[in-house]
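The values are calculated or read from the model by the stated rules, or taken from the named source; none is laboratory data. Because the structure is predicted, anything quoted here is derived from the model rather than measured. Neighbour counts are summed over all protein chains in view; Cβ atoms, including those assigned to glycine, are modelled from backbone coordinates with ideal geometry.
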Amino acid sequence: MKEESLLAFRDVSFSYDGEEGQRIPVLKSVDLTIEKGSFVSVLGHNGSGKSTLAKLMNALLLPEKGTIIVSGFDTKNEEMLWEIRRHVGMVFQNPDNQIVGATVEDDVAFGLENMGVDPGEMRKRIDEALHSVGMEKYLMAQPHRLSGGQKQRVAIAGIMAMRPSLIILDEATAMLDPQGRQEVMDLARRLNREEGITIINITHFPEEAVFSDHVTVMNAGEVLLEGSPHDVFSQVERLQSVGLDVPFAVRVRHALAAKGIELPFVLHQEELVEHVCRLLLTK
Amino acid sequence: MQITFDKVSHIYGKGTPFERLALQEISLTIPSGSFVGIIGQTGSGKSTLIQHLNGLLSPSSGRIQLGDVEITSSKRMPHVRRRDIGLVFQYPEHQLFEETVAKDVSFGPLNFDLPVEMVESRTRESLEVVGLDYEAIKDRSPFQLSGGQMRRVAIAGVLAMQPKVLVLDEPTAGLDPAGRKAILEGIYRIHREQGLTTLLVTHSMEEAASYADYLLVMADGKVALQGPPREVFEQVDLLKQLSLDVPETVTLVSRMNQSLPDNEHLPHSLYREEELIDHLLKRLSVPKER
Amino acid sequence: MLQNIAIGQYVPGQSFLHRADPRSKLLFIILFATLVFLANNAITYAVLIAFTLITALLSRLSLSYILKSLKPVWILILFTVVLHIFITKGGTVYYQWGSFTIEEEGVRQAIFISLRLGLLILISSFLTLTTSPIDLTEGLERLLGPFGRVGVPVHEIALMMSIALRFIPTLMEETDKIIKAQTARGANFSSGSLLRRAKNLIPIAIPLFISAFRRAEELALAMEARGYRGGVGRTRLNKLAFSWRDSCVAVAGVVLLFVIGWWRS
């Protein structure tokens, strides 16, 4: 294990009980390393095992086989359980079902209360956390009055208050409208850049993965592809064969290249515009 | 079935401190057989609008004409006519309740007192229309199915009433790309085969661009923009002002046109991905053949 | 719409009464209730009535709104009055018709008992009208805190109450949505026999239960992920703080106690 790796899966397998008592494998010998300070995207369609992956990362589930090391602690080490959960924050899919407090303030306090933080310190951290997600004006607001994106930001504030090293977004944008999705992704990117928080974004929107440092593609409980967005999204056919999409620019470039038009690989629309225009003007 | 709204307004909680104007003098006509995309931000009035279509909400003022049925603030929708308008809510799988898939799908038709044999054949048909194997699935509990299957069963439950108008509120929310595509393709096929009038509420401009032949853009309880997609997507500035995206195809075309001389411009009508790619292929391949 | 039903009829505001600490309000109500039962003559009742009127002014709520919130209990008060007038005997006979009499003691009791009831209900409705459910829960938890030492799971009860408060609006919205979805499928909730109507509730109740359980499950997971492990070692965000308002409430309580104690016969 490298010095700077924050989280590592070594040969991890997991399965759950099926309807008829048989074991259904969800993860098969997964190896994974997450570097400290990186922004990682995990892509996969529903049922690919990506959500199980998330729950294993903060010991909500324990591996059946293999080891998971978080900040140097084995997740099987029960004594370190609470320390691991403090380090690894998790934002879930349904914004309504993860807010505990009857006000925004109460909710951000929840994790701190669990940690036994002193009330004076709590007050300070709540203000800081809400400030860092841009929700300081909503301190006393009732959660059901907020938009989906705002609720997810409150959930992130609740984690930020606990001073985590890693935030896992477990399909946190799946139920949001485009605006809410944008809000959450912008926030995640900013926390990664400015506060040095490692982010793991589990998603099925390929557009969200374009800006990450590293992309892992899950399929049928295994790591199908891994690497930089460039490496992963250049494998268009492989991704599409497992029901995943690629970003728009990649798709268009791929369709053109397939018909023999010479275009270099592009991830972003701007690059595509540049290359296609150049071709059109020099034809 | 033609749908006409004539200066329809809707006020929630009239006379309470929570009063809110959700629709403001909406006037529009949807010709029979069209596939309409309704877009707008959360809270723009989309959901309120579609709930007027089968009498779940009555207009506070104004008039709605659904085929030969007229609805006003005092004239409610007759119960039997609800059948003509199939309304699929967001996350429709949350309304499943029966022990078996077949029973759940037949809930709608039975409510309208259709004969039992007819209900059964409709149940079979509509489950097959959404791509499920009737024999394999009819006796299973809907709660043991996968999320995508549950949603199909719920949609089948609405189709089994054989509506003339199909209204869907974000039918693809929360699904992965493969699931989204399967649902939309299915809806589009039913739309064409059964000659339905279809209204699709969506946040995704891509979805609207791929299927709709007419778009309604809602903002602040009003129709901000309406017309064929080509015309609507030309109003890039207005859409951005309403914090709405335009499809990536449209941004690509307008970005390219910025860097290209006037005589090389791409037409704005290229908002469908396949058409855009075809166009680019044609333009880019020609010189090589010469 | 369903989501606009206010729980506990709380009316947000910034009045003296709104801003007083819920703990002092709760404690004061206990004292006031005791005093209402100690009062036994015209003067003491007059003092209590005057005090309640001052409280009403301090709440800055409109009088008609306060009276409207009492609507359901008018009948109860009226019933008590009638009962006492006809049944309680003693003192001068005011009216006689055959064996039926209205006597001094009966009228006296009818007035006092209905006053007691009215005063108690009024003063406690000031509590719910001026205290948000969240603050009320918080106040109760603090006051019950000492019982935690004798094994009462005060902390868990308080958390349960606050989660319930948090989810009431969400489940209301959900119910509204399910009713609409089933109505769109032709369900008819407003006609038919009683049995049929009861049966019609199934398509609403089942999806609602399933959704509530799903929410509970996801919430439990989210709570665990945020390090929840029961009340042990847990701290609480200190939100309640006594202010000069609470000193006023305390002084008022003491004064009232002495006045009633002095004047009662």
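Observations
- Qualifying residue in region B:186-195 (condition: facing another protein chain (nearest Cβ under 10 Å), among the polar types (S, T, N, Q) and either closer than 17 Å to B:A156 by Cα or surrounded by 20 or more Cβ atoms within 10 Å (Cβ to Cβ) (or both)): no
- Test set (1) surrounded by fewer than 16 Cβ atoms within 10 Å (Cβ to Cβ); (2) at pLDDT 90 or above - B:Q226 fails condition number: (1)
- Residue ID - farthest from C:E173 (Cα to Cα), chosen from residues in region A:162-177 that are more than 17 Å from the chain's Cα centre (by Cα) and within 10 Å of another protein chain (Cβ to nearest Cβ): A:M162
- Cβ-Cβ under 7 Å pairs, at least 6 apart or on other chains, region A:176-198 side within 16 Å of A:V210 (Cα to Cα), far side part of a helix (DSSP H, G or I) and of a type in the set (V, I, T): A:L187/A:I156
Listed here are the residues, each with its yes/no results for (1) crowded, with 19+ Cβ neighbours inside 10 Å; (2) within 18 Å of B:T249 (Cβ to Cβ).
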site	(1), (2)
A:V246	yes, yes
A:I261	no, yes
A:F265	no, no
A:E270	no, yes
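- Given (1) surrounded by fewer than 20 Cβ atoms within 10 Å (Cβ to Cβ); (2) in a helix (DSSP H, G or I), number of the condition C:T183 does not satisfy: (1)
- Residue satisfying all of: in region C:74-107; buried (at least 16 other Cβ atoms within 10 Å of the Cβ) and not polar (S, T, N, Q); nearest to C:I29 (Cα to Cα) among these: C:I77
- Residues within region A:142-175 that are over 30 Å from A:S5 (Cβ atoms), part of a loop (DSSP other than H, G, I, E, B) and in contact (Cβ under 8 Å) with a residue 40 or more places away in the chain, tallied: 3
- Filtering region B:136-179 to residues that are away from chain A (no Cβ under 12 Å), assigned to a loop (DSSP other than H, G, I, E, B) and either of a type in the set (V, I, T) or surrounded by fewer than 20 Cβ atoms within 10 Å (Cβ to Cβ) (or both) leaves B:K138, B:D139, B:Q162, B:K164.
- Condition check for A:V104: β-branched (V, I, T), surrounded by 21 or more Cβ atoms within 10 Å (Cβ to Cβ) and farther than 23 Å from A:R189 by Cα: no
- The C-beta contact set for region B:181-203 (first residue at positive phi, second residue surrounded by fewer than 20 Cβ atoms within 10 Å (Cβ to Cβ) and in a loop (DSSP other than H, G, I, E, B), distance under 8 angstrom, 6+ apart or interchain) comprises B:G195/B:G33.
- Checking each residue of region B:257-267 against the condition of being hydroxyl-bearing (S, T, Y), within 12 Å of chain A (Cβ to nearest Cβ), exposed (fewer than 15 other Cβ atoms within 10 Å of the Cβ) and not in a loop (DSSP other than H, G, I, E, B) gives at least one match.
- Tally of residues being exposed (fewer than 15 other Cβ atoms within 10 Å of the Cβ), under 30 Å from A:H87 (Cβ atoms) and in contact with a helix residue (DSSP H, G or I) (Cβ under 8 Å, 6 or more places away or on another chain) across region C:232-265: 1
- Selection of region B:10-25 for residues being more than 30 Å from C:Y65 (Cα to Cα) and either in contact with a helix residue (DSSP H, G or I) (Cβ under 7 Å, 6 or more places away or on another chain) or modelled with pLDDT of 95 or more (or both) yields only B:L23.
- Within region C:195-222, tally of residues that are over 18 Å from B:E99 (Cα atoms), surrounded by 14 or more Cβ atoms within 10 Å (Cβ to Cβ) and hydrophobic (A, V, I, L, M, F, W, C): 4
- Test for B:D169: is it acidic (D, E) and more than 16 Å from the chain's Cα centre (by Cα): no
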